[in-house]
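The values are calculated or read from the model by the stated rules, or taken from the named source; none is laboratory data. All figures in this text were calculated on a predicted structure; none of them were measured in a lab. Neighbour counts are summed over all protein chains in view; Cβ atoms, including those assigned to glycine, are modelled from backbone coordinates with ideal geometry. To get the accessible areas, we keep the full protein, side chains included, count just its heavy atoms, and leave off ligands, DNA and RNA. Shrake-Rupley method; radii C 1.70, N 1.55, O 1.52, S 1.80 Å.
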Amino acid sequence: MLHQVGLNSAADLFDSIPVDLRLARNLNTTAALSEIELLAGFERLAARNSGAKRSSFLGAGAYQHYIPTIVDHIISRSEFFTAYTPYQPEISQGTLQAIFEFQTLVCQLTGMEVANASMYDGSTALAEAVLMAERVTRRSKVVACGAIHPEYLEVITTYVQHAGIDLLRAPFNSETGQASDATALLDDETAALVIQSPNFFGCIEDVTAFAEKAHSVGALLIVAITESLSLGLLKSPGAGGADIVVAEGQSFGVPLSFGGPYVGLFATREKYARQIPGRLVGEAYDKEGHRGFVLTLATREQHIRREKATSNICTNEGLIALAATVYLETMGRRGLQEVAMQCVQKAAYAAKQIGKLQGFSVPFTGPRFNEFVVRAPIAARQLLSRLASKSDITGGLALSRYYPDRPNEFLVCVTEMNSRAEIDALCVGLASLSATV
């Protein structure tokens, strides 16, 4: 090969790199390890991962739920693990059917009529929902309630800032923790009203009331959900009048994995199906009447004229969507309800016990699912750091990360993975640290 390209050695391939920038010695790497030595090395590294051993009360968009062992077993099968894009339905029926089942489950959970094959994650799904609302209504103003996850709002801003869309943010109610009345910001130029429920502070919103307000001016209501397990217990957004529902599906059998990959859920009304971003798998029949599955309504740039495309999303989180499908099918309706009920009950117990501590309070009065805000007598960041080092407990997320005017508040999340003993230990740890101030 070198002869064919007129070179004498492999080093000649790097002639374009200045000599003083080239590494003139061998890489300083250790000698090859045997499998026994390699596994022992990984075990030593794992032993240093103190965070995996701590009781955790972190949430805010990424949740620690139990994952049945069958989930990893199924998605590790080679038929799914190596599958990518099912362009050829004649050889991709397994993958296409799995996606079709995923879409069906998303519709059942959200109360909507059509869902796509998945999105990258919840935040980008929400941004795509905003763009879709602009296409459907041909309006350029969007009102987003202030109790939406701050990082989701940042993603929306990134998407719309050069798209000619005016994004307004409505404040949240400082007493209830819920989105405030946004009626004053809504007019006949509004494409969509965007809310999150349960919201960033863990409070449940009145979806029906917001739907009525949005529809009164001809706008769409977009509902975002970061804790998708809440769909196992709460009234579906579709039943409340939502037009587009997006969610982060990480709670459905997907490990935390230091932030990803996750999976976004996207569902809407059937009349808006041609405006939905990403892929959609549909049911079809061959000439002999046998049922099959195919990609349909492909409205992305690669398939149709760019100016007619609804989105530049060019893939779906197939493997993660499969994990969510296996989880939901394994848990079933009753199992999902049981997990959701445990989350509600344990969060209620934790909020009640923390609220009894001297100097601590739960400031927001809105109904909650499994997250709530705590107001401490000292700076939350300092308190949580000391709690982690002294009690080996990750107590929550300091709100000062997003709200500098709330230095003493932190967000606590309780799931079915947190035992009563862990909740009591959290209370003891908080009480002991506040007493030393």
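Scanning segment 129-149 for residues that are in a helix (DSSP H, G or I) and in contact with a strand residue (DSSP E or B) (Cβ under 6 Å, 6 or more places away or on another chain), which turns out surrounded by the most Cβ atoms within 10 Å (Cβ to Cβ)? Break it down into steps so the answer makes sense when it comes.
Let us first name the residues in segment 129-149 that are in a helix (DSSP H, G or I), namely 129-137.
Narrowing the set further to residues that are in contact with a strand residue (DSSP E or B) (Cβ under 6 Å, 6 or more places away or on another chain) leaves 129-130, 133-134, 137.
On the way: 129: 29, 130: 24, 133: 27, 134: 21, 137: 18.
If we take residues in segment 129-149 being in a helix (DSSP H, G or I) and in contact with a strand residue (DSSP E or B) (Cβ under 6 Å, 6 or more places away or on another chain), then 129 is surrounded by the most Cβ atoms within 10 Å (Cβ to Cβ).
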Filter result (open to solvent by 70 Å² or more (accessible area, probe 1.4 Å) and assigned to a helix (DSSP H, G or I)) within segment 55-96: 69, 70, 72, 73, 78, 79, 81, 90, 91
Does segment 116-126 contain any residue that is more than 19 Å from residue 201 (Cβ to Cβ), assigned to a loop (DSSP other than H, G, I, E, B) and of a type in the set (Asp, Glu)? yes
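When you look at residue 254, is it in contact (Cβ under 8 Å) with a residue 12 or more places away in the chain, under 25 Å from the mean Cα position of the chain (by Cα) and in a loop (DSSP other than H, G, I, E, B), yes or no? Write out each step before concluding.
Numbers: in contact (Cβ under 8 Å) with a residue 12 or more places away in the chain: yes; under 25 Å from the mean Cα position of the chain (by Cα): yes; in a loop (DSSP other than H, G, I, E, B): yes.
Against the criterion (in contact (Cβ under 8 Å) with a residue 12 or more places away in the chain, under 25 Å from the mean Cα position of the chain (by Cα) and in a loop (DSSP other than H, G, I, E, B)), residue 254 qualifies.
Collect the residues in segment 162-210 that are in a loop (DSSP other than H, G, I, E, B) and of a type in the set (S, T, N, Q), keeping them in residue-number order.
The first filter runs over segment 162-210 and keeps only residues in a loop (DSSP other than H, G, I, E, B), leaving 162-165, 171, 173-178, 180-182, 186-189, 197-202, 204-206.
Of everything in segment 162-210, those that are in a loop (DSSP other than H, G, I, E, B) and of a type in the set (S, T, N, Q) turn out to be 173, 174, 176, 178, 180, 197, 199.
Taking residue 191 as the residue in question, decide whether it is open to solvent by less than 30 Å² (accessible area, probe 1.4 Å), under 22 Å from residue 150 (Cα atoms) and not polar (S, T, N, Q). Quick ask: steps written out before the conclusion?
Numbers: open to solvent by less than 30 Å² (accessible area, probe 1.4 Å): yes; under 22 Å from residue 150 (Cα atoms): yes; not polar (S, T, N, Q): yes.
For residue 191, the condition - open to solvent by less than 30 Å² (accessible area, probe 1.4 Å), under 22 Å from residue 150 (Cα atoms) and not polar (S, T, N, Q) - is met.
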Answer yes or no: is there a residue in segment 25-46 that is within 30 Å of residue 240 (Cβ to Cβ), at pLDDT below 95, surrounded by 10 or more Cβ atoms within 10 Å (Cβ to Cβ) and among the hydrophobic types (A, V, I, L, M, F, W, C). no
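Could you please find all residues in segment 385-430 being among the hydrophobic types (A, V, I, L, M, F, W, C), outside any loop (DSSP other than H, G, I, E, B) and either open to solvent by 40 Å² or more (accessible area, probe 1.4 Å) or free of Cβ contacts under 8 Å to residues at least 40 places away in the same chain (or both)?
Taking segment 385-430 first, the residues among the hydrophobic types (A, V, I, L, M, F, W, C) are 387-388, 393, 397-399, 410-414, 417, 421, 423, 425-428, 430.
Subsequent filtering for residues that are outside any loop (DSSP other than H, G, I, E, B) retains 387-388, 393, 397-399, 410-413, 421, 423, 425-428, 430.
If the condition is that a residue be among the hydrophobic types (A, V, I, L, M, F, W, C), outside any loop (DSSP other than H, G, I, E, B) and either open to solvent by 40 Å² or more (accessible area, probe 1.4 Å) or free of Cβ contacts under 8 Å to residues at least 40 places away in the same chain (or both), then 398, 399, 410, 421, 425, 428 are the ones that fit.
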Do we have any residue at all in segment 360-381 that's assigned to a helix (DSSP H, G or I), of a type in the set (Gly, Ala, Ser), touching a residue at least 24 places away in the same chain (Cβ under 8 Å) and over 24 Å from residue 173 (Cα atoms)? no
Is it true that residue 254 is in contact with a Pro (Cβ under 9 Å, 6 or more places away or on another chain) and buried (at least 17 other Cβ atoms within 10 Å of the Cβ)? yes
Of the residues 271, 213, which single one is under 26 Å from residue 146 (Cβ atoms), of a type in the set (Lys, Arg) and open to solvent by 10 Å² or more (accessible area, probe 1.4 Å)? 213
Taking the condition assigned to a loop (DSSP other than H, G, I, E, B) and open to solvent by less than 50 Å² (accessible area, probe 1.4 Å), does residue 157 pass? no
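Test residue 177 against the stated conditions and say whether it is of a type in the set (Gly, Ala, Ser) and either under 21 Å from residue 207 (Cβ atoms) or touching a residue at least 60 places away in the same chain (Cβ under 8 Å) (or both).
Numbers: of a type in the set (Gly, Ala, Ser): yes; either under 21 Å from residue 207 (Cβ atoms) or touching a residue at least 60 places away in the same chain (Cβ under 8 Å) (or both): yes.
In short, yes.
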